[in-house]
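Q: One structure follows; several queries about it will come next.
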Amino acid sequence: MIWDLPTRLFHWLLVIAVGYAWFAVDVLEDMEQHFYAGYSALTLILFRIIWGVLGSYHSRFAHFPLSISNIKSYSKSLFSSKADIQPRNYFGHNPLGALSSIAIIGIILLQTLSGLFANDGYYVYGPLAESISSKLSAFITEVHEFNFNIIATLIALHIIAIVYYQWVKKQKLIAAMIHGKKTIAAKEITQDADLTTKPASNILALFIFLLIASANYFLFIG
C-alpha cells in the first residue's frame with residue numbers, strides 16, 4: 001500500500017471542493033455555496049498539512065524527494081532524448097510530483113485564507129473581512145481573484161502530467177490514487193521504498209479531520 005485511505009480521500013474531496021467553489025460562484029452565482037466549498041477546502045488543506053507529519057510513510061512531507069539535486073537529476077532524465085537515460089521510478093511522489101503537490105497545497109491554502117477576508121465590493125463579505133480595513137480587504141480580494149488563475153494553471157499542469165505518465169510512461173497514477181497500490185518492477189525497488197510501514201490509523205485521521213472541521217464551523221459558520 002503506497003497511499004493510505006486518508007490521503008486518497010483528501011485528494012478526491014479536494015478536487016470536488018475546489019471544483020464546486022468555482023461552479024458555485026461562476027455558474028450558480030451563489031456566494032453562500034462558494035463560502036461553504038471554501039470552508040471545506042480549508043478543512044481539507046489543514047488536515048493534509050497535519051497528515052503530512054502524522055500520516056503513513058509516503059504521505060509525510062519529510063519523505064518527499066524535494067532536494068534540489070533530486071529535482072534536477074529527475075527533470076534531466078525525464079526530458080532526456082537519450083534512450084539509455086530513464087527517470088528513476090519512485091514508489092511515492094517523484095520529485096516533480098512532490099513539488100507540484102506542495103505548490104497546490106500552498107496555493108489553495110492561500111486561496112482559502114484570503115477568501116476569509118475578501119468581499120465582492122457590495123454586500124457579500126468573508127467572515128473576517130470586517131475585522132480589517134476596507135482597503136486591505138479590497139487588496140486581499142484582488143489577491144484572491146488573481147490567485148485562482150494560478151490554481152487553474154497548476155491544475156492544468158497537474159492533469160497534463162497525469163495524462164503523460166498514464167499513457168506515455170504507462171504508470172497508472174489514477175488507479176493508484178483510487179486503491180492506493182502501485183506496481184513497480186523488482187529491479188526498480190530502491191532504498192526509498194518502505195514496503196513494511198503500516199498504514200497510519202484511519203481513526204486518528206478521522207479525529208484530526210473532525211477536530212479541524214468543528215473548529216472551522218464554530219469560527220466561521222456557527
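The values are calculated or read from the model by the stated rules, or taken from the named source; none is laboratory data. Quick caveat, the model's predicted, so the values are computed rather than measured. Here the Cβ is made from the backbone with ideal geometry for all residues, glycine too, and neighbour counts use every protein chain on show.
Q: Report, by residue number, each residue of region 26-43 that is farther than 15 Å from Leu116 by Cα and assigned to a helix (DSSP H, G or I).
A: Asp26
Q: Filter region 43-63 down to residues that are under 26 Å from Ala21 (Cβ atoms) and touching a Gly at 6+ places or on another chain (Cβ under 8 Å) and give me whichever is modelled with the lowest pLDDT.
A: Ranking the qualifying residues of region 43-63, first place goes to Ser59.
Q: Could you tell me which of the residues Leu195, Leu157, Leu173 is among the aliphatic types (A, V, I, L, M) and modelled with pLDDT of 90 or more?
A: Leu157
Q: Considering only residues that are modelled with pLDDT under 95, polar (S, T, N, Q) and either touching a helix residue (DSSP H, G or I) at 6+ places or on another chain (Cβ under 7 Å) or within 23 Å of Ile155 (Cα to Cα) (or both), which ones fall in region 102-134?
A: Within region 102-134, Asn119 is the sole residue that qualifies.
Q: Now, a different point. I need a count of the residues in region 58-75 that are out of contact with any Leu (no Cβ under 9 Å at 6 or more places or on another chain) and of a type outside the set (S, T, N, Q).
A: Residues meeting the conditions: 7.
Q: Shifting gears a bit: Could we say that Lys172 is surrounded by 13 or more Cβ atoms within 10 Å (Cβ to Cβ), free of Cβ contacts under 8 Å to residues at least 60 places away in the same chain, among the charged types (D, E, K, R) and more than 17 Å from His34 (Cα to Cα) here?
A: On the way: surrounded by 13 or more Cβ atoms within 10 Å (Cβ to Cβ): yes; free of Cβ contacts under 8 Å to residues at least 60 places away in the same chain: yes; among the charged types (D, E, K, R): yes; more than 17 Å from His34 (Cα to Cα): yes.
Taking the combined requirement at face value, the residue satisfies it.
Q: A follow-up question, please. Would you confirm whether any residue within region 108-125 is without any contact (Cβ under 8 Å) to a residue 40 or more places away in the chain, surrounded by 15 or more Cβ atoms within 10 Å (Cβ to Cβ), of a type in the set (Ser, Thr, Tyr) and in contact with a strand residue (DSSP E or B) (Cβ under 6 Å, 6 or more places away or on another chain)?
A: yes
Q: Let me ask another. Please enumerate the residues belonging to region 102-153 that are among the polar types (S, T, N, Q) and farther than 15 Å from Ala37 by Cα.
A: Asn119, Ser131, Ser133, Ser134, Ser137, Thr141, Asn147, Asn149, Thr153
Matching residues to (1) under 21 Å from Ile50 (Cα atoms); (2) of a type in the set (A, V, I, L, M, F, W, C):
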| site | (1), (2) |
| --- | --- |
| Ile71 | no, yes |
| Lys76 | no, no |
| Ile107 | yes, yes |
| Ala152 | no, yes |
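Q: Also, I was wondering about something else. Just for region 28-69: of the residues that are of a type in the set (Val, Ile, Thr) and free of Cβ contacts under 8 Å to residues at least 24 places away in the same chain, which one is nearest to Asp120 (Cα to Cα)?
A: Quick first cut of region 28-69, residues of a type in the set (Val, Ile, Thr) only: 43, 45, 49-50, 53, 68.
Pick out the ones that are also free of Cβ contacts under 8 Å to residues at least 24 places away in the same chain and you get 53, 68.
Values: Val53: 36, Ile68: 41 Å.
Residue satisfying both the conditions and the ranking: Val53.
Q: Further question: Taking the conditions exactly as written (surrounded by fewer than 12 Cβ atoms within 10 Å (Cβ to Cβ), of a type in the set (Val, Ile, Thr), within 26 Å of Gly92 (Cβ to Cβ) and modelled with pLDDT of 95 or more), does Thr183 satisfy them or not? If you could, list the steps in order and put the result at the bottom.
A: Working: surrounded by fewer than 12 Cβ atoms within 10 Å (Cβ to Cβ): yes; of a type in the set (Val, Ile, Thr): yes; within 26 Å of Gly92 (Cβ to Cβ): yes; modelled with pLDDT of 95 or more: no.
In short, no.
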